[in-house]
Amino acid sequence: MPEIAENGRTWLLSGPTSSYAVHLTAEDELLHLHWGPRIALADAEALAVRPLPDYWPFESPLDGREEYPVEGGPRFVRPALSVRTQEGRGTEWSFEGYETQGAEGEELRLRFRDGGLAITLHYRMRGDVLERWATLDNDGPVVELLRADSAVWTLPDRDGWRLSQLHGRWAAESRLVRSPLTYGEKVIGSRRGHTGHQHLPWVALDTDATEERGEVYGCALGWSGSWRIAVAQLPDARVQITGGAGHDDSGLLRLAAGESFTTPVFAGLWSDGGFGGASRTWHAYQRAYVIPDADRDRPVLFNSWEATEFDISEEQQGVLARRAAAIGVELFVVDDGWFGARTSDRAGLGDWKPNPDRFPGGLKPLGDYVHALGMRFGIWVEPEMVNPDSELYRAHPDWVQHQTGRKRTELRNQLVLNLAREDVQEYLWEQLHTLLSSAPIDYVKWDFNRCFTDAGWPGEPYPQRLWVDHVSALYRLLDRLRAAHPGVAFESCSGGGGRIDLGVMSRTDQVWTSDNTDPLDRLAIQHGFTQIHPARAMAAWVTDSPNTQLNGRVSSLRFRFVSAMAGVLGVGGDLAEWTEEELAEARGWVDLYKEIRPLVQRGDLYRLRAPEGGLSAVQYLLGDEAVVLAWLQAQHYGEPVPALRLRGLDPTASYECRETGEVHRGAVLLHHGLRSGLGGDLDATVLRLRRI
């Protein structure tokens, strides 16, 4: 619950190890006071009375110190709020009051007003993660929101800030890069209509942190459309991070009288446990507050895509299902090609009814058969898209995003439905609700395979709202389907990792990390992913060797399985072509994964060595048990493989390695390490330890 000074103008929010404080001056200037280690209210009040430093006449004393800078007045930093009315641009607000909300008063709301526009800043501490967002309510003339960011984060005065971010592209997502922060702005984001493969909406800043030591500040945005995060080092060296929905300032939407807009959550944390400590705090937060049913371990799945692509039939899927069940798979998923005229990527999207030639009795017979084999049953869909060669498009060509008189750009032979339209929303609800009611479907892989290009809405006076309303409608549709079908799990996919963020993760049970299933490439992708998101949500598949999707790399079944076991294990190879020896080995790996699954999906993750060539490893710790997954890319010059220094163990306790039977002292494992037994090229191992 927030602590409030007696004068009602200083507020302090605290978690187990951190605090955040703001102060309102006599001139109604909302200033940032503190973000860092836990402090008392008296400390925040002492900070509140410290005078601002003197400034040269060409600078503003507010810049770099305001909690939520608006456009207008003595400010030169990037504004978090930019509005336009008939009278002009800018905001000149005054403080109206504050209140606390929630069962235990855990949410703090600070209310401001500028004419008919009410601005509420929201704060909610969950563990050591602070959630921030803003609400804008209009009860006056029309207001145009050019920009409405969720929050601005202010860092303390330090020398030598370093920025961490996750960058990439299709099949190469979530790769970690760290670089010195220099004067000016570093802007990342997406102007593609979805989160994007190019950047995850997360940044971290530090000055001298390592994996396990040092201060780290991190921020993550919960929005599944276009977005922007700007990290600015100002002229006086102070640093602020601004972020929210939309990539530019061309306009989010118009608010008429009685209308409101709530920004997505922009969450932040401080940790003094290094990058690993920050990650574990993010993971615990998402398992507790973001991911649905995170206390339930995700099943081992088989997905048919790489085995069959579009050439599928009920009989063929049944053969794969029998083989999948034999190796211990718990969820069988039919990927693309089961519906409409979908024999290639040129037709069928939008017609969400089973192909009568391939599934003459619909999906129910196959679903029943899969259930009889002891597995759950899942399907692939891409509801936000449509092929021009489809019954839906022929009936409603106006339902797609398009500009009047302009060519309708096709990517992957498909167009994007205008989900902002209520008739499109209702059509998709009826189609998907009927589909999920027609067969014993337990799981839906929800894909999004192209970006916005012609994001027009003919007849809509303010077509920019399409960008925001599409995402809001997607969230409502997912919420509605989950409520109507509570037993169905959902996976977010967008050509792999193109839609991964806290917003979509609050409505899906796991995410497809990347279309790249090469086990070596995946190590770097998964290393970056876990900087912010937990293994509990990170889907990973074992596919065929040589790798047919990307690079033709040859790797052992051992290396492929241990790579995929670092997250939610899946199998995507053509089981009909696997030998009996391969199937027997796969059964052993699946059985092992089921044993260590609680640790992987619910335990604390420690990244022991980064996948930068040579040896890499991760460790999961839950209660008295630990498991280490280690990979050796290559052994050079006959050098011995380094020991793995473990983390989080009790130095006074003893631990038995179940693979070798050896007993190790915790202090020895922490300071001198555990030998992995790896050697050669593309080798991998799993080592289980139990406190005795």
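The values are calculated or read from the model by the stated rules, or taken from the named source; none is laboratory data. Keep in mind that this is a model prediction, so the values were computed, not measured. Every residue, glycine among them, receives a Cβ derived from its backbone with ideal geometry; neighbour counts consider all protein chains shown. SASA here: full protein model, heavy atoms, side chains in, ligands and nucleic acids out. Shrake-Rupley method; radii C 1.70, N 1.55, O 1.52, S 1.80 Å.
Structure summary
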quantity	calculated
The one condition in (1) surrounded by 18 or more Cβ atoms within 10 Å (Cβ to Cβ); (2) part of a loop (DSSP other than H, G, I, E, B); (3) in contact with a Gly (Cβ under 9 Å, 6 or more places away or on another chain) that residue 651 fails to fulfil	(1)
Filtered residues of the range 467-476 (kept if open to solvent by 10 Å² or more (accessible area, probe 1.4 Å) and among the hydrophobic types (A, V, I, L, M, F, W, C))	467
Pair list, Cβ < 6 Å and 6+ apart or interchain, from the range 457-481 residues that are assigned to a helix (DSSP H, G or I) to residues that are basic (Lys, Arg)	478/507
Qualifying position, being open to solvent by 30 Å² or more (accessible area, probe 1.4 Å) and under 20 Å from residue 13 (Cα atoms), among 109, 113	109
Strands (runs of 3 or more DSSP E) contained entirely in the range 182-247, each with at least 3 residues that are surrounded by fewer than 18 Cβ atoms within 10 Å (Cβ to Cβ)	184-190
Within the range 487-526, tally of residues that are over 14 Å from residue 539 (Cα atoms) and among the acidic types (Asp, Glu)	2
Qualifying residue in the range 385-392 (condition: outside any loop (DSSP other than H, G, I, E, B), modelled with pLDDT of 95 or more, open to solvent by 70 Å² or more (accessible area, probe 1.4 Å) and in contact with an Asp or Glu (Cβ under 6 Å, 6 or more places away or on another chain))	yes
Conditions (1) open to solvent by less than 10 Å² (accessible area, probe 1.4 Å); (2) outside any strand (DSSP E or B); number of the one not met by residue 377	(2)
Matching residues in the range 654-667 - criterion: being closer than 13 Å to residue 624 by Cβ and part of a loop (DSSP other than H, G, I, E, B)	658
Residue list for the range 79-98, filter: open to solvent by 60 Å² or more (accessible area, probe 1.4 Å) and in contact with a strand residue (DSSP E or B) (Cβ under 9 Å, 6 or more places away or on another chain)	84, 89, 92, 96, 98
Residues of the range 604-634 that turn out to be open to solvent by 70 Å² or more (accessible area, probe 1.4 Å) and among the polar types (S, T, N, Q), as a count	1
Listing of helices (runs of 4 or more DSSP H) fully contained in the range 265-367 that carry 2 or more residues being in contact with a strand residue (DSSP E or B) (Cβ under 7 Å, 6 or more places away or on another chain) and open to solvent by less than 30 Å² (accessible area, probe 1.4 Å)	274-285, 314-326
Condition met for residue 370 (in a helix (DSSP H, G or I), farther than 30 Å from residue 506 by Cβ and either modelled with pLDDT under 95 or among the β-branched types (Val, Ile, Thr) (or both))	no
Filter pass, residue 646 being under 27 Å from residue 174 (Cα atoms), open to solvent by less than 30 Å² (accessible area, probe 1.4 Å), assigned to a loop (DSSP other than H, G, I, E, B) and out of contact with any Lys or Arg (no Cβ under 8 Å at 6 or more places or on another chain)	yes
Given (1) under 26 Å from residue 524 (Cα atoms); (2) touching a Pro at 6+ places or on another chain (Cβ under 9 Å); (3) open to solvent by 70 Å² or more (accessible area, probe 1.4 Å), number of the condition residue 681 does not satisfy	(2)
Restricting the range 440-465 to residues that are of a type in the set (Gly, Ala, Ser) and open to solvent by 10 Å² or more (accessible area, probe 1.4 Å), the residue that is farthest from the chain's Cα centre (by Cα)	459
Some residue of the range 128-141 being closer than 30 Å to residue 209 by Cα, more than 25 Å from the chain's Cα centre (by Cα), modelled with pLDDT of 95 or more and not in a loop (DSSP other than H, G, I, E, B)	no
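Condition check ((1) open to solvent by 10 Å² or more (accessible area, probe 1.4 Å); (2) in a strand (DSSP E or B); (3) in contact (Cβ under 8 Å) with a residue 40 or more places away in the chain) across all residues:
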| residue | (1), (2), (3) |
| --- | --- |
| 524 | yes, no, yes |
| 527 | yes, no, yes |
| 532 | no, no, yes |
| 541 | yes, yes, yes |
| 553 | yes, no, no |
| 559 | no, no, yes |
| 562 | no, no, yes |
